[in-house]
Amino acid sequence: GNQKATPSENSQGKKSQHAEEAVFYMNCRAAYLTVLKSSLENIKSKEQLRLVLQQAGRNPSQKTINKYWTSQTSSLNFDDFCAILKKEKPATKNELLEAFGRIDTDKAGYISHDELFKILTTRGDKMTWEEVTSITKQADFNCNGKLDYNKFCELYLSTSEQCCKAARDRLETDPRLRQQHLGNQTENVPEGITLPGSKPSPRVSRKADHKLAKGDSRAPSRPSSAQSSKACTSTTVTVGASSSRSTKLIIEPDTMKEWQWAQSRGCFYLEENGEIISHKYRLHLPQRSALCVTIKPFSIPQAEGKSCHWLSVDTALFILKENESQENLQLVSFTELQNKETFGWRGELGSGVYWLLPFTTGCRLRKGKTQMTGEAKLVWRDEDGELALTNEFRAALLDIFETIDLDGNGLLSLEEYNFFELRTSGEKCDQEAWAVCKENFEMKKNELTRQGFLDLNLMEANDRDGDPWDLWVTLLSLGYNRALEMTEACPFVIDVCAERCKPRMKAISLEAGGSQLSRAVCRSVVNKGQAKVLDGSEDIFIYTHRSGSRITSVIENKSENKVIIHVNNEQSKNCLNNRGLTVFAVEVAPKSMMVSQHVMALKEQEEWIYSCVHSLV
């Protein structure tokens with residue numbers, strides 16, 4: 001029969017996890033201090049980011065660098081770096097061999113010098129002749145000028161490990177660097193570290209003391225020891241089984257039937273590294289008006305009768321006013337009214353341009369281990385040998401169509417289709433290519449119909465002679481698993497109703513929330529939540545805010561020095577948080593604030609207790 005783990009086994013498991021976290025943290029610091037003088041010094045260029053990632057045993061492509069260093073990035077701190085390393089795992093030998101195996105179609109174990117040169121100088125991050133030559137000199141070429149890529153992979157991995165070891169050795173032997181290595185280095189293993197991605201937006205009632213602060217909302221990755229705590233404070237919130245999703249206030253009054261209305265669909269997508277991206281919207285109001293704004297998960301018509309995992313995902317919308325530029329946005333409000341799965345805001349806004357930033361905490365939209373019985377079949381051949389889409393794949397494509405049809409008119413405009421293309425291939429379809437689509441697939445009013453969308457995917461299958469590889473790339477990027485279940489995406493719908501004017505709403509981009517959203521989340525909690533000073537420290541505040549079914553805590557550090565806060569949720573019951581850890585630590589930079597965590601009920605039908613202790617280390 002099944003046996004429960006003994007306390008000693010559980011303790012051993014925790015120690016093992018903490019040991020792994022401690023090693024990860026040490027490697028982060030070792031790599032960072034190889035390039036920079038202090039962990040408080042920021043990464044100030046793409047080249048520095050590349051160097052510290054290489055010191056940590058990563059081999060980042062230009063695409064990876066651009067993902068973390070955008071046009072809006074001016075610097076990255078140590079906590080950002082730790083978060084990136086959590087997301088960008090080092091390549092394994094099997095992954096490298098698999099990549100070479102796609103080139104070596106004969107499975108001979110070798111690749112010719114000429115073929116390697118052609119690939120490295122024409123694909124991906126294109127290399128120069130000199131760079132390729134330097135590789136071939138170090139790699140093992142046999143007398144026929146062929147690369148034994150198995151030996152090359154071993155050389156690559158050993159070089160990467162040597163680089164990491166050199167950074168660790170330097171950390172251990174340099175007294176100046178050792179002083180910066182936080183945590184108890186003797187017998188006690190650090191209690192935990194934070195996971196990347198500070199996500200925003202719940203509200204909370206509180207009982208005991210609690211301290212945190214304002215700032216910029218970054219999620220650090222530092223461990224710390226609970227035994228070394230100097231000051232601590234606790235917060236307890238009990239939420240009844242029926243209160244998480246109950247109607248607290250009527251969001252849409254009957255008088256709104258005469259109001260003018262705008263609607264747009266969108267979607268949260270979970271990236272491979274755990275980051276969440278979504279559509280962002282610009283809202284234009286021609287004059288001052290009373291307004292009602294709502295967001296909720298979108299129940300796809302074709303999905304009725306299926307298990308819709310995303311319907312339990314929490315959603316929120318932050319409203320920011322555009323002043324002089326898109327970079328200069330000011331938080332106006334956010335959707336904290338709740339009616340079942342719908343979150344809304346009611347108020348009055350002046351004329352002008354606003355940004356609507358969708359948000360989900362990541363408590364429920366997250367990577368998980370799902371058991372699947374097998375891989376769904378996407379195409380089949382009829383009696384005449386012609387390719388056709390399976391019924392299951394057709395149904396999934398129709399669901400996708402509903403999700404990417406942002407205006408809900410049953411047709412895909414070029415603009416809507418390009419969001420789909422950017423998500424699945426990273427490229428856009430121009431007017432010329434769209435004209436070709438018009439010649440080959442059914443369109444109405446220069447917009448693609450459902451049948452046209454199905455036929456387009458069938459053509460893709462025919463182009464690959466029935467090989468579903470490209471089709472699976474599309475499905476996986478849109479949040480589907482191999483059983484054709486949407487488990488890593490959450491479609492949503494936004495409604496804006498205005499009393500005195502016609503609101504105009506348009507999807508502008510599909511990307512991560514970024515610093516604008518992070519600041520908005522922190523500011524919303526600081527503005528709405530009750531602040532309590534951390535016992536024994538007058539400059540550190542904890543803000544806790546409950547918004548419907550979510551609780552968010554924010555830490556503000558008003559002091560001139562960085563602080564490390566240990567966060568312990570071991571007394572919480574029936575809870576899950578966005579970090580995936582019960583115990584962790586966060587480092588808060590001077591004069592800054594950050595999200596500590598977002599918490600929700602694990603089982604919504606049951607009472608849940610949020611009980612958190614924040615300790616100053």
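The values are calculated or read from the model by the stated rules, or taken from the named source; none is laboratory data. Fair warning: this is a prediction, and the values are worked out from it, not measured in the lab. Cβ: placed from backbone, ideal geometry, glycine included. Neighbour counts: every protein chain shown. All accessible areas refer to the heavy atoms of the entire protein, side chains included, with ligands and DNA or RNA removed. Shrake-Rupley method; radii C 1.70, N 1.55, O 1.52, S 1.80 Å.
Determine which single condition Ala395 fails, assuming it passes every other condition in (1) outside any helix (DSSP H, G or I); (2) modelled with pLDDT under 95. So Ala395 meets the others, but not (1). Looking at this structure, is Tyr281 farther than 21 Å from Glu322 by Cβ, among the hydroxyl-bearing types (Ser, Thr, Tyr), modelled with pLDDT of 95 or more and crowded, with 17+ Cβ neighbours inside 10 Å? Against the criterion (farther than 21 Å from Glu322 by Cβ, among the hydroxyl-bearing types (Ser, Thr, Tyr), modelled with pLDDT of 95 or more and crowded, with 17+ Cβ neighbours inside 10 Å), Tyr281 does not qualify. Contact map, the stretch 433-456: residues that are closer than 25 Å to Leu378 by Cα paired with residues that are exposed (fewer than 15 other Cβ atoms within 10 Å of the Cβ) and of a type outside the set (A, V, I, L, M), Cβ distance under 6 Å, separation 6+ or inter-chain. Pairs shown: Glu442/Gln451. Among the numbered criteria (1) modelled with pLDDT of 60 or more; (2) farther than 26 Å from Gln72 by Cα; (3) part of a loop (DSSP other than H, G, I, E, B), which one does Ser39 miss? Of everything listed in (1) modelled with pLDDT of 60 or more; (2) farther than 26 Å from Gln72 by Cα; (3) part of a loop (DSSP other than H, G, I, E, B), Ser39 misses just condition (2). Just a yes or no: is a residue in the stretch 256-272 under 27 Å from Glu485 (Cβ atoms), in contact with a strand residue (DSSP E or B) (Cβ under 8 Å, 6 or more places away or on another chain) and at pLDDT below 95? Checking the stretch 256-272: at least one residue is under 27 Å from Glu485 (Cβ atoms), in contact with a strand residue (DSSP E or B) (Cβ under 8 Å, 6 or more places away or on another chain) and at pLDDT below 95.
The rows are residues; the columns are (1) buried (at least 20 other Cβ atoms within 10 Å of the Cβ); (2) not aliphatic (A, V, I, L, M).
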site: Arg504; (1), (2): no, yes
site: Ser518; (1), (2): yes, yes
site: Asn527; (1), (2): no, yes
site: Ala531; (1), (2): no, no
site: Asp535; (1), (2): no, yes
site: Asp539; (1), (2): no, yes
site: Ser547; (1), (2): yes, yes
site: Asn557; (1), (2): yes, yes
site: Val563; (1), (2): yes, no
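This table checks each residue for (1) surrounded by fewer than 17 Cβ atoms within 10 Å (Cβ to Cβ); (2) part of a helix (DSSP H, G or I).
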| position | (1), (2) |
| --- | --- |
| Asn409 | yes, no |
| Phe420 | no, yes |
| Lys428 | yes, no |
| Ala433 | yes, yes |
| Leu454 | no, yes |
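Number of residues in the stretch 565-608 that are open to solvent by less than 40 Å² (accessible area, probe 1.4 Å), aliphatic (A, V, I, L, M) and over 20 Å from Asp79 (Cβ atoms): the value is 4. Check the stretch 87-108 and report whether any residue there is in contact with a helix residue (DSSP H, G or I) (Cβ under 6 Å, 6 or more places away or on another chain), basic (Lys, Arg) and modelled with pLDDT of 75 or more. The answer is yes, given that some residue of the stretch 87-108 is in contact with a helix residue (DSSP H, G or I) (Cβ under 6 Å, 6 or more places away or on another chain), basic (Lys, Arg) and modelled with pLDDT of 75 or more. Of all residues in the stretch 45-58, one or more are part of a helix (DSSP H, G or I), in contact (Cβ under 8 Å) with a residue 24 or more places away in the chain and within 21 Å of the chain's Cα centre (by Cα). Considering the conditions (1) open to solvent by less than 10 Å² (accessible area, probe 1.4 Å); (2) touching a His at 6+ places or on another chain (Cβ under 9 Å), Val353 is excluded by exactly one of them, (1).
Scanning the stretch 310-360 for residues that are under 21 Å from Ser509 (Cβ atoms), touching a Pro at 6+ places or on another chain (Cβ under 8 Å) and of a type in the set (S, T, N, Q) returns a single hit, Thr315. Residue-level analysis places Ala461 outside the set of residues that are closer than 30 Å to Arg550 by Cα and outside the structural domain of Asp80 (by the TED database). Determine whether the stretch 368-385 contains at least one residue that is open to solvent by 40 Å² or more (accessible area, probe 1.4 Å), basic (Lys, Arg), part of a loop (DSSP other than H, G, I, E, B) and over 30 Å from Lys528 (Cα atoms). The answer is yes, given that some residue of the stretch 368-385 is open to solvent by 40 Å² or more (accessible area, probe 1.4 Å), basic (Lys, Arg), part of a loop (DSSP other than H, G, I, E, B) and over 30 Å from Lys528 (Cα atoms). Taking the criterion of being surrounded by fewer than 12 Cβ atoms within 10 Å (Cβ to Cβ) and part of a helix (DSSP H, G or I), the residues of the stretch 463-475 that qualify are Asp463, Trp469.
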